[in-house]
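Undergrad: Quick one: the structure is below, and I'll ask about it shortly.
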Amino acid sequence: MKHEYPDFDKINQQKYDNNVPDHNTNCGNCTSSTADLLLHGKVNPAGPSKPQTLTDVEGRTDFGGKFQPVGDYGKLHQDMLSSPPGTHASIAVKWPGESVGHFFNAHRAPDGTVRYLDGQSGLPADMSRPPSEIWTMKYPLPGAAVP
């Protein structure tokens, strides 16, 4: 992953690994910073924060994006595969019995594969547990209509 996304670990990983306060609850900021990196190719390090809502993350977009519910990881993956290369999205998940969820990103790479990136940890997103709720907010490709 380091080869495909050379600056990805600069979003938050060092602070996360070193337990810097509020850098293990800033996934909302990290999903926005990852989107900036994918869209503009520049690192905008994620600041610390407490857990955030869908509305908090939507408010940081400049295109009026809104999260939409998705049935499960399989449907998310199929949607990303049917999108043009370069498409990326913020993903929000919640798990059964947990009050706080997690944000991460999906990206359809130029080679057509779909990658799931966790800007908070600097690693591939952990999708091993099926969520009880999942939402996606796609970002428009440069020059494209808003999704």
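The values are calculated or read from the model by the stated rules, or taken from the named source; none is laboratory data. Quick caveat: nothing in here was measured; it's all calculated off a predicted structure. Note: ideal-geometry Cβ built from the backbone for every residue, glycine included; neighbour counts use all protein chains shown.
Undergrad: Tell me which residues, restricted to segment 43-66, are over 16 Å from I91 (Cα atoms) and modelled with pLDDT of 90 or more.
TA: Within segment 43-66, V43, N44, P45, A46, G47, P48, S49, K50 meet the criteria.
Undergrad: Right, L76: in a helix (DSSP H, G or I), buried (at least 21 other Cβ atoms within 10 Å of the Cβ) and at negative phi or not?
TA: Values: in a helix (DSSP H, G or I): yes; buried (at least 21 other Cβ atoms within 10 Å of the Cβ): yes; at negative phi: yes.
Judged against the criteria, L76 is a match.
Undergrad: Another question, if that's okay. Suppose we filter segment 38-63 for residues that are assigned to a helix (DSSP H, G or I) and either free of Cβ contacts under 8 Å to residues at least 40 places away in the same chain or in contact with a Leu (Cβ under 6 Å, 6 or more places away or on another chain) (or both); how many remain?
TA: 3
Undergrad: Working carefully through the options G119, G101, G86, find the one that is in contact with a Lys or Arg (Cβ under 9 Å, 6 or more places away or on another chain) and either closer than 23 Å to T53 by Cβ or of a type in the set (A, V, I, L, M, F, W, C) (or both).
TA: G101
Undergrad: If the Cβ limit is 8 Å and pairs must be 6+ apart or interchain, which residue in segment 120-142 that is of a type in the set (K, R) pairs with which residue that is buried (at least 16 other Cβ atoms within 10 Å of the Cβ)?
TA: So the pair list comes out as K138/G65; K138/S83; K138/T87; K138/H88; K138/A89; K138/P147.
Undergrad: So, one more: So the check is Cβ under 8 Å with 6+ separation or different chains; which pairs have a first residue in segment 1-19 that's within 13 Å of V43 (Cβ to Cβ) and a second one that's in a loop (DSSP other than H, G, I, E, B) and modelled with pLDDT under 85?
TA: Filtered contacts from segment 1-19: F8/M1; F8/K2; D9/K2.
Undergrad: Being more than 11 Å from the chain's Cα centre (by Cα) and either in a strand (DSSP E or B) or under 17 Å from G74 (Cβ atoms) (or both) is the filter here; which residues of segment 95-107 pass it?
TA: Step one: filter segment 95-107 for residues more than 11 Å from the chain's Cα centre (by Cα), giving 95-101.
Once the filter is applied, which keeps residues that are more than 11 Å from the chain's Cα centre (by Cα) and either in a strand (DSSP E or B) or under 17 Å from G74 (Cβ atoms) (or both), segment 95-107 yields only W95.
Undergrad: Give the number of residues within segment 108-130 that are in a strand (DSSP E or B) and either surrounded by fewer than 23 Cβ atoms within 10 Å (Cβ to Cβ) or hydrophobic (A, V, I, L, M, F, W, C) (or both).
TA: Residues of segment 108-130 in a strand (DSSP E or B): 108, 114-118, 123-124.
Right, trim to either surrounded by fewer than 23 Cβ atoms within 10 Å (Cβ to Cβ) or hydrophobic (A, V, I, L, M, F, W, C) (or both) and you get 108, 114-117, 123-124.
Number of matching residues: 7.
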